[in-house]
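Below is one structure, written out as structure tokens; the observations come after it.
The values are calculated or read from the model by the stated rules, or taken from the named source; none is laboratory data. Since the model is a prediction, treat every value here as computed from it, not as a measurement. Glycine also receives a Cβ, built like all others from the backbone with ideal geometry; neighbour counts cover every protein chain displayed.
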Amino acid sequence: MNVFEELKARGLVAQMTDPERIEELLTKDKIKFYIGFDPTADSLHVGHFVQIMVMAHLQRAGHTPIALFGGGTGMVGDPSGKTDMRKMLTKETIEHNIACFKKQMSRLIDFSDGKAIMVNNGDWLLDLNYINFIREIGVHFTVSRMLAAECYKQRLEKGLTFFEMNYMLMQSYDFLELNRKYGCILEMGGDDQWSNIIGGVELTRRADGKEAYGMTFNLLLTSSGKKMGKTEKGAVWLDPEKTSPYEFYQYWRNIDDADVIKCLKMLTFVPIEQIEEYSKLEGSELNRVKEVLAYEVTKLIHGEDEATKARDAARAIFSNNSDSENMPTTSLSDEDFDENGGALITAVMVKAGLAKSRGEARRLIEQGGVSLDDEKLGDFTYCIPRERLEKGFVIIKKGKKIFHKINL
């Protein structure tokens, strides 16, 4: 199976500008392609994972990935999929975020000896002469065509600023610049980037008459159509300081049955033939497959040692052996206890990220979904005695699969 067939078999490919030519380039040539990452946070998250896996598959097939970091475009912000304008970031924040991205991506992509290239579009965008830019680039874009693009449609209702309108021109210019400097002929990205990618393809062809193509891949969605990578605590990050390896492992271990095969295909290097065998399993048999998924994904992001520790900790918890140093932990301080030396359970659950509010925690307890050290809680006014924590720790269990250690 060649790399083009592999990407399709794994359900990664969404749209292409010229499928036959792109297949030919990926199977018969060795090309440079790029994917852009705007540094809107100080860590990559699960939403970036699909893009990185595509880069890894193509690099393994001998192609050269260009990871483009948006030191310039990040100053504007992509309006795609947003109902409000993105928060403006400072140059210093963007530079810090890019440094974090580079470190994380280097775990998955080999940047040694020119096997992959890192670039920052701030190098050419931040010092552009605006008049020259509009004369050279702006003439190739019509406003009517831009407003018809999906990335701008929903923003029109709330008010699309001219500031944001520039984003498509800037991203398109990235492709032209990378084509001129590196001979890059393929831009890739999530399917929500289709309009921006088309802009870059057409600009490169019109401005320089050069060969240029675009390809998008499917977003990581649940079977119900929601974006994956969200928990009650927020996004699932690739940074171990923001989402611990254990929490990361547990996220994948606990996904719905309907999503496990798709995630195995999109987010691991487990052979397609093996995944097809897994797809024949049903019910409780899928738990073994979820464990494979969680281990493989955690190994890619955090390394084999952390993946093994997370798996062993999860197995210990599921076998009612709760003594695990790798379990997510929240430490209480003096301010969490009342004058009688008790910590209100609903407040503790909110602090631990097990509920968004005390009201939600109360409902979970009333519905019988919360246990403390394997004893089901029925009283939402219960307070954990400080003396109990001074002797060790307690474990709050939410539902059947979420465990959290509480200590001092």
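Values as computed for the structure displayed
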| read-out | value |
| --- | --- |
| Hits in segment 123-145 (condition: within 28 Å of Lys91 (Cα to Cα), in a helix (DSSP H, G or I) and touching a helix residue (DSSP H, G or I) at 6+ places or on another chain (Cβ under 8 Å)) | Trp124, Leu125, Phe133, Glu136, Gly138 |
| Residue match in segment 363-372 (condition: in a strand (DSSP E or B), assigned by TED's automatic domain parsing to the domain that holds Ile396 and more than 32 Å from the chain's Cα centre (by Cα)) | yes |
| Of the criteria (1) modelled with pLDDT of 90 or more; (2) within 23 Å of the chain's Cα centre (by Cα); (3) in a helix (DSSP H, G or I), which one Met215 fails | (3) |
| So Asp379, is it part of a loop (DSSP other than H, G, I, E, B), at pLDDT 90 or above and more than 22 Å from Ala314 (Cα to Cα) | no |
| Failed item, numbered, when Pro19 is tested on (1) closer than 30 Å to Leu128 by Cβ; (2) without any contact (Cβ under 8 Å) to a residue 24 or more places away in the chain | (1) |
| Helices (runs of 4 or more DSSP H) lying entirely in segment 218-323 (those with 2 or more residues that are under 20 Å from Gln51 (Cα atoms)) | 245-253, 260-267, 286-302 |
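Table: residues versus (1) out of contact with any His (no Cβ under 7 Å at 6 or more places or on another chain); (2) closer than 14 Å to Ile396 by Cα; (3) at pLDDT 90 or above.
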residue: Tyr295; (1), (2), (3): yes, no, yes
residue: Glu306; (1), (2), (3): yes, no, yes
residue: Phe318; (1), (2), (3): yes, yes, no
residue: Asp336; (1), (2), (3): yes, no, yes
residue: Ala343; (1), (2), (3): yes, yes, yes
residue: Thr346; (1), (2), (3): yes, yes, yes
residue: Ser371; (1), (2), (3): yes, yes, no
